[in-house]
Amino acid sequence: MKESVPELLCMLGRDALPGPFRLEAGQALRLTLLALPGVSVDASLEVQLLGPGAELDLGGLYLCRSDERVRLSVRVRHEAGGAVSHQLLKGIVDGTARFSFDGLIYVAPDAQKTEAVQQNHSLLLSDSCQAETRPQLEIYADDVICSHGATLGHLNADEQFYMRSRGIPEEEARRLQMISFLSPVLSRLPEALQEECLAAL
Amino acid sequence: MSEYLLEINDLHASVSGKEILKGVSLCIAPGEVHAVMGPNGAGKSTLSAVLAGRPDYEVTAGTVLFRGRDLLALSPEERSWAGLFLSFQYPVEIPGVSITNFMKAAVNARRKARGLPELSAAEFLKLMKEKMALVQMKGEFARRELNVGFSGGEKKRNEIFQMAMIDPLFSILDETDSGLDVDALRIVADGVNALRSPEKAAIVITHYKRLLDYIRPDVVHILKEGRIVRTGGPELVEQIEKEGYEGIGA
């Protein structure tokens with residue numbers, strides 16, 4: 001059994017981004033980044049995985065709704081084999097806000113049996129907001145499982161019609177859709193912060 | 001006030017500029033169940049989508065009166081508040097939203113629209129339990145994410161559960177039988193039959209006789225190429241079962 005995983009929460013724009021982190025063999029880190037409305041920030045995170053069994057579980061949630069500029073750069077370096085990194089960053093961009101994500105996964109030549117997953121998904125609510133996502137994979141080992149997925153999307157019309165057909169007004173349906181979209185990252189937050197996020201939708 | 005609950009008159013509708021409904025007329029009185037049958041592409045699902053107010057479907061001509069009101073002027077949620085319900089052929093999955101939270105939003109929005117206070121937590125739970133029993137859903141069902149990972153049968157039972165929670169005056173069941181095994185079909189049909197009453201009415205859309213063996217229609221319409229080509233009694237169902245849609249209508 002592993003020791004309990006240290007959990008860190010970083011409120012962007014209020015807390016300084018911690019790190020760089022160096023995870024040795026068997027060490028785990030669960031880190032959640034949160035950017036609430038009203039926050040503009042340019043933050044960089046670096047995590048190195050230095051031995052087998054090292055594990056990074058990174059979550060991120062951003063809500064940018066007026067003229068915020070949120071820029072996030074994450075570098076995950078698998079220097080040794082047999083380590084795992086999971087990244088899931090999701091957020092909603094509205095108004096004239098801009099969000100950008102640069103995500104590098106580096107896998108060293110002898111870091112075999114690496115597992116690295118990176119996901120970044122943004123929901124765009126207005127015509128004048130912008131979101132960019134730049135996944136970068138630099139993989140020099142050949143026996144690895146690495147994947148990345150990135151989407152920029154809008155609220156799904158089928159979901160909306162389904163909810164409205166049940167009598168849920170359009171505004172409330174949109175809110176439920178946003179909760180649905182954010183739910184995998186929302187669930188990482190303590191309850192009080194979940195409430196704060198929901199109130200901001 | 002009209003004797004009919006729903007009056008569709010010469011309804012034309014298009015999807016992406018292509019005309020699908022080419023003049024549909026039918027009237028349904030309280031207490032009646034009408035079956036709409038027809039081959040693939042006849043416009044059956046378009047008819048149900050247009051009645052429920054799907055935004056990307058364009059009505060190009062005709063009128064629809066629901067309890068004497070212009071249904072087409074209402075938003076999808078206003079149609080629901082007025083008493084209309086659509087059971088979807090393909091219910092939508094909404095991860096991260098539990099059935100309980102979804103139904104709470106739906107039930108209370110409808111109550112608000114009628115000027116009623118929200119249900120208390122205890123009243124709501126009691127209602128949930130009662131309606132879940134109707135479609136034989138177990139307690140953990142209430143906590144599941146809406147339609148996520150549901151089998152075909154569970155999705156359709158969930159539609160009938162929602163119908164029971166909402167208690168509509170007029171229901172449209174769009175191919176509620178598709179993808180159901182015999183047991184699920186019976187549960188769904190029993191659920192629908194339990195909700196029949198002299199004030200309520202329904203349209204049952206289906207390809208097959210199977211569902212209509214359980215939910216007996218008063219009137220049967222055959223929809224083909226966007227028009228109703230034949231209207232009759234339950235005996236029409238038998239005729240189609242024997243002869244197919246080929247020989248019917250123009």
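Worth pointing out:
- Residue in segment A:33-51 that is touching a Cys at 6+ places or on another chain (Cβ under 6 Å), under 30 Å from A:L198 (Cβ atoms) and buried (at least 17 other Cβ atoms within 10 Å of the Cβ) present: yes
- Pick from segment B:95-107, criterion facing another protein chain (nearest Cβ under 9 Å) and either in a helix (DSSP H, G or I) or not aliphatic (A, V, I, L, M) (or both), ranking: surrounded by the fewest Cβ atoms within 10 Å (Cβ to Cβ): B:P95
- Residue check, B:A49 more than 8 Å from every other protein chain (Cβ to nearest Cβ), hydrophobic (A, V, I, L, M, F, W, C), surrounded by 19 or more Cβ atoms within 10 Å (Cβ to Cβ) and not in a loop (DSSP other than H, G, I, E, B): yes
- Residue selected from segment A:187-201 under the condition part of a helix (DSSP H, G or I), touching a residue at least 60 places away in the same chain (Cβ under 8 Å) and surrounded by 15 or more Cβ atoms within 10 Å (Cβ to Cβ), by the criterion nearest to the other protein chains (Cβ to nearest Cβ): A:C197
- Of the residues making up segment B:195-230, just one is loosely packed, with under 14 Cβ neighbours inside 10 Å and of a type in the set (S, T, N, Q), namely B:S197.
- Some residue of segment B:72-94 being more than 14 Å from every other protein chain (Cβ to nearest Cβ) and either within 19 Å of the chain's Cα centre (by Cα) or modelled with pLDDT of 95 or more (or both): yes
Yes/no matrix, rows are residues, columns are (1) within 21 Å of A:E171 (Cα to Cα); (2) at pLDDT 95 or above:
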position	(1), (2)
B:S120	no, yes
B:A133	no, no
B:M137	no, no
B:E140	no, no
B:E145	yes, yes
B:V148	no, yes
B:K156	no, no
B:Q162	yes, yes
B:M165	no, yes
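- Leading residue by the ranking (surrounded by the most Cβ atoms within 10 Å (Cβ to Cβ)) among those in segment A:174-186 that are more than 8 Å from every other protein chain (Cβ to nearest Cβ) and out of contact with any Ser or Thr (no Cβ under 9 Å at 6 or more places or on another chain): A:M178
- Residue within segment B:113-132 that is without any contact (Cβ under 8 Å) to a residue 60 or more places away in the chain, at the interface with another protein chain (Cβ under 8 Å from one of its Cβ atoms), among the basic types (K, R) and buried (at least 16 other Cβ atoms within 10 Å of the Cβ) present: no
- Condition met for B:V59 (surrounded by fewer than 22 Cβ atoms within 10 Å (Cβ to Cβ) and modelled with pLDDT of 95 or more): yes
Condition check ((1) under 16 Å from the mean Cα position of the chain (by Cα); (2) among the acidic types (D, E); (3) assigned to a helix (DSSP H, G or I)) across all residues:
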{"position": "B:S178", "(1), (2), (3)": "yes, no, no"}
{"position": "B:R210", "(1), (2), (3)": "no, no, yes"}
{"position": "B:L223", "(1), (2), (3)": "no, no, no"}
{"position": "B:R230", "(1), (2), (3)": "no, no, no"}
{"position": "B:L236", "(1), (2), (3)": "no, no, yes"}
{"position": "B:E241", "(1), (2), (3)": "no, yes, yes"}
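- Scanning segment B:52-65 for residues that are more than 14 Å from chain A (Cβ to nearest Cβ) and either touching a Pro at 6+ places or on another chain (Cβ under 6 Å) or not hydroxyl-bearing (S, T, Y) (or both) turns up B:E58, B:V59, B:A61, B:G62, B:V64, B:L65.
- Of the residues making up segment A:75-88, those that are surrounded by fewer than 24 Cβ atoms within 10 Å (Cβ to Cβ) and under 10 Å from the mean Cα position of the chain (by Cα) number 2.
- Meets criteria (more than 10 Å from every other protein chain (Cβ to nearest Cβ) and closer than 30 Å to B:A109 by Cα) for B:L5: yes
The values are calculated or read from the model by the stated rules, or taken from the named source; none is laboratory data. Predicted model, so just to flag it, every value in this text is computed and none were measured. Heads up, the Cβs are rebuilt from the backbone with ideal geometry, glycines too, and the neighbour counts pull from every protein chain shown.
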